[in-house]
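What follows is one structure encoded as structure tokens, with my remarks underneath.
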């Protein structure tokens, strides 16, 4: 394997030779083109995207119906009043994201399970360039997909809410764009975790615990310290960003926290890729 990597154009087998945008046939642009082609050649990509839209539709039917039901039943304590229609789509992202994240992590864990990572690194010896090319493709795909998911969720939730839904074009567009930004960033985060763990099951478990289980446990503990820790986790920060919250911090702060988690995951992935052989 070492001999092959040393002969491959663009750098040495340890991934420390060339820069992100230098060396190798096609450079960074060529690496992105290769990752784009690989992603769309897999049937799992298409099935995953279809599944994401189905789950978004089902969740928005459930959540929109629940709001209307709560507002019209005999129990006053569960009344939610009139809600923003786009907010239903944002709430549905809590579940929909795991369908999308499976696609993102398979971009790298799938190659480790099949052994095709060796071919990938033969033609893109720079570990950083390879991982950033994958991240660019994941973000480039998941942003428009997230926007479309937000739009579909809003369209499905509107009739379910009826008079209990507050719709505005600006609010719907803002919610859809926020969903796109969040899913693109959290997808790249999952990719970085996948580069560290190299296992689909391990990555999915870790991401699920970090995005869903741990924030719920910390938030329900009744401790202000644990609540602050929960608010600093990627899913909580992303939720505050998508909802445009001002408490416990402004929405832009939530975006900054989420970006910090993404950068940390990619950095860790690059470090592990350089230190371990494929």
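A short reminder: the numbers here are calculations on the coordinates, not readings from a lab. As the structure is a computational prediction, the values presented were derived from the model and not from experiment. Cβ: placed from backbone, ideal geometry, glycine included. Neighbour counts: every protein chain shown.
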Determine the gain in length on full extension of the stretch residue 208-residue 44; use 0.36 nm per residue of separation and subtract their C-alpha separation, reporting nm with one decimal. 57.1 nm
For a Förster distance of 45 Å, can you work out the FRET efficiency between the beta-carbons of residue 114 and residue 62, rounded to the nearest 0.05? 0.80
C-alpha center-to-center spacing [the stretch 34-70, the stretch 233-270] in angstrom: 22 Å
How far, in nm, would the chain grow between residue 249 and residue 95 when pulled straight, counting 0.36 nm per residue and subtracting the alpha carbon separation? 53.1 nm
Dividing the convex hull volume of the Cα atoms of the stretch 74-190 by its residue count, what figure in Å³ per residue is obtained? 115 Å³
Taking Cα pairs under 8 Å and at least six residues apart, what relative contact order does the stretch 79-223 come out at, in percent? 41 percent
Calculated P(r) tail over 17 Å for the stretch 156-278, as whole % of Cα pairs: 64 percent
Kirkwood Rh, Cα Rg: Rg to Rh for the stretch 95-142? 1.02
Roughly what angle does helix 27-40 make with the longest principal axis of the chain, taking Cα atoms, 0 to 90 degrees, to the nearest 10? 60 degrees
Note the listed values (1) 17.0, 48; (2) 18.9, 59; (3) 20.7, 74, then indicate which one is Rg and Dmax of the Cα atoms in Å calculated from this particular structure. (3)
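Tell me the relative contact order for the chain as a rounded percent, counting alpha carbon contacts under 8 Å between residues six or more apart.
On the way: 424 pairs, mean separation 63.3, N = 278.
So the answer I get is 23 percent.
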Using alpha-carbon coordinates, inclination of helix 127-161 to the longest axis of the chain, degrees: 20 degrees
Net length gained if the chain between residue 276 and residue 78 were fully extended (0.36 nm per residue, minus Cα distance): 66.0 nm
To test your reading of the geometry: what angle, between 0 and 90 degrees and rounded to tens, separates the Cα axis of helix 43-72 from the longest principal axis of the chain? 20 degrees
